[in-house]
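Student: Just dropping this structure here.
The values are calculated or read from the model by the stated rules, or taken from the named source; none is laboratory data. All values reported here derive from a predicted model rather than from experimental measurement. Ideal geometry is used to build each Cβ from the backbone, glycine not excepted, and the neighbour counts take in all protein chains shown. Surface areas here come from the heavy atoms of the whole protein model, side chains and all, with no ligands, DNA or RNA. Shrake-Rupley method; radii C 1.70, N 1.55, O 1.52, S 1.80 Å.
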Amino acid sequence: MKNMLEKVVGEIYDELLARDPGYCRCEQCRTDVLSKALNQARPKYSGGGPKGEAIAGFELQQDATRAALAVVLLDAMRRVAGSPRHAPSKEEKSQ
Ligand SMILES: [Zn+2]
């Protein structure tokens, strides 16, 4: 994975999931949440080229940046949970 933003957003998503035991863990929801969050976050980091990547890499280690990405992710998680594309009511059947 060459994009640092994708890596960091994935890490933060895992942290948020750990704090939200009720949230769907399926691959479809993960893909949807991450792609929505990345689409929102990416314009900030679209500098491109090695210089842009280096700046993004530095910024991505700052707490304020990670907090901002967590907000974007939580919003994406809410939207995906509101209209999930995974197979419906799997959890309901298993309980
Ligand atoms: Zn799901």
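Student: Placing one identical point scatterer on every Cα of the chain and ignoring solvent, what is log10 I(q)/I(0) from the Debye formula at q = 0.10, 0.18 Å⁻¹?
Tutor: -0.29, -0.81
Student: Ok, one more. Please compute the per residue accessible area over the chain with all protein chains in place, 1.4 Å probe, rounded to a whole number of Å².
Tutor: On the way: 6420 Å² over 95 residues.
For the chain, the solvent-accessible area averages 68 Å² per residue.
Student: What FRET efficiency comes out for Arg79 versus Glu53 if R0 is 25 angstrom and r is the Cβ-Cβ distance? Round to the nearest 0.05.
Tutor: That pair, Arg79 with Glu53, gives E of 0.35.
Student: At 222 nm, what helix-only mean residue ellipticity would the chain give, in deg cm²/dmol to the nearest 500, using -39500 (n - 2.57) for each DSSP H run of four or more? If you can, show how the numbers build up before the last one.
Tutor: Working: 5 runs with 66 residues, N = 95.
The helix-only estimate for the chain comes to -22000 deg cm²/dmol at 222 nm.
Student: I would also like to ask the following. Whole-Hz Karplus ³J(HN,Hα) for region 55-70, in order, using 6.51 cos²θ - 1.76 cosθ + 1.60 and θ = phi - 60°, x for Gly and Pro?
Tutor: 5, 4, x, 5, 4, 5, 8, 7, 4, 5, 5, 5, 5, 5, 5, 5
Student: Let me ask another. Report the extension gain between Glu6 and Ser35 in nm, rounded to one decimal, defined as 0.36 nm multiplied by the number of residues separating them, less their alpha carbon distance.
Tutor: Values: separation 29, 0.36 × 29 = 10.44 nm, distance 0.90 nm.
Residue separation times 0.36 nm, minus the Cα-Cα distance, leaves 9.5 nm.
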